[in-house]
Every structure is written in structure tokens, then in C-alpha cells.
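Asks: One structure coming up, written as C-alpha cells, with questions to follow.
What follows draws every value from the coordinates through simple rules; no lab data is involved. Fair warning: this is a prediction, and the values are worked out from it, not measured in the lab.
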Amino acid sequence: MTVGGRAACVAVAIVLLQALEVARGTASSDTAVLNLRATITGPERRALSITLSRWSTDAERAPLIATFAAPPPAPARPAAPAAPGGAGRGRGRGAPLPAPAPSPFAKLSAAIRTAPTLGYIWTDGVTGYSIKYAWRSPATEDKERIVLVTERRLDSHAPDWAPASGAAGDADFTVIELRIDHQGVGDGKTSLTTSVAIDTAANTLALDGYAAAPTWLTVTR
């Protein structure tokens, strides 16, 4: 590569880094409805920043909840046995079995991908995760409860984040549930270690058994 070519590559890299910093700065401006910093617990102690431009509307949350709450399809009826002595080559083996229906996690993953982007979770590198679902409890409670859902698993680009056990293998998303006080300090847990459920009383996606789940994030303002 010539000197001029190397200079051009360096210039492009600088422009891209500047654009990334501008995007982060714009997303974390005073117009954001939520700005939090968090640290992943454990030996890695990785830092995250959470920036949310708005909360999900009821109309945006409803299809995701309905998709996950839908009952599993009825099992397919077995193919009728072929009549004895039926004519035609290949007959008598029965119709091919239908493909298995997608799991609730797979269907919810597909619904999350089509939802609008409401904000981002940034790692301490350059990786960002789109937030597709954002809900919070009424502000009158002692601790604010926040549920966020990212389009991708938080450990998708960092295998060393992966906990000892996780959600279903076909869940491409991550549900994050936070409990923070009025100063913005608290903890968070995720579907990387805990099952996903529907909180029917609050009408939101949530984590199943939050109190017993392992803490994954320490949250600060």
C-alpha cells in the first residue's frame, strides 16, 4: 500500500470513530428518558451504559407479550396408514411428518427484531445492543422496576460473559430487569441465567423469580 493509501485509511478510521462518539453523545443527551451505568458482576467487571430515548407504548408491547403468551399449537395428527395393496410406487409409507412448530422463544425473537429501536446498551468497547422493549413501574413505588429487552444476547460478542447456565438456546434476545432507587442505584438480573415469564399483573415481560435469581449487574447513575 502506498503512503497516500495508508493516509486515506487512517483518515477514514478517524471519521468512523468520531461518528461513533457523536452517536453516543447524541444518544446520552438530556433528551434521553433513561441514562444508567452498570457493571457486570464477577471477575470481568465489564462496564455498560444504558441510554433510552423513550419507553415502549402499550401498542408496541402488546404483540410481544401476546406472542410469548400464545398457547403451543396442537400436535399434528399422525398420517393415516396406507391401504394394503395400494397401487403406485412409494405409497404405503405415509405422509412426511410436519416440521416442528417454533418455540415461544423463537417466536418472541422474531417479534423483537421487528419492534422499533428505543435506545442502546453500549459495552466498554464499540459494541452496541439495540433496546427493543422498555417498561417501567409507576414512580410511586419505593424502588423503580425497569424491564428492557435487547435484540441480541448480551454475550453474543463476548463468550467470556457467558454464565454457567442460560435461557433456551433459540432465544436470540436478552431480558434485563432492574430494581433501582430514586438515586438510580440498584441491581439487575438477566435472562442469561433466569427464565423469562409474563407478569400478568403488570402486563409486561419479566424474569421468573427475580428475588432468587443471581445478580448480574450493579447499577449506578
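Asks: Just tell me which lysines come within less than 16 Å, Cα to Cα, of Lys189; anything on the same chain fewer than 8 places away is out.
Replies: Cross-link targets: Lys143.
Asks: Sequence-distant or interchain residues sharing an amide H contact under 5 Å with Ala213, placed H: which?
Replies: Placed amide hydrogens put nothing under 5 Å from Ala213.
Asks: Residues with amide H under 5 Å of Leu34's amide H, sequence separation 5 or more or different chain, H placed in the peptide plane at 1.01 Å from N; which?
Replies: Answer set, sorted by chain and number: Leu52.
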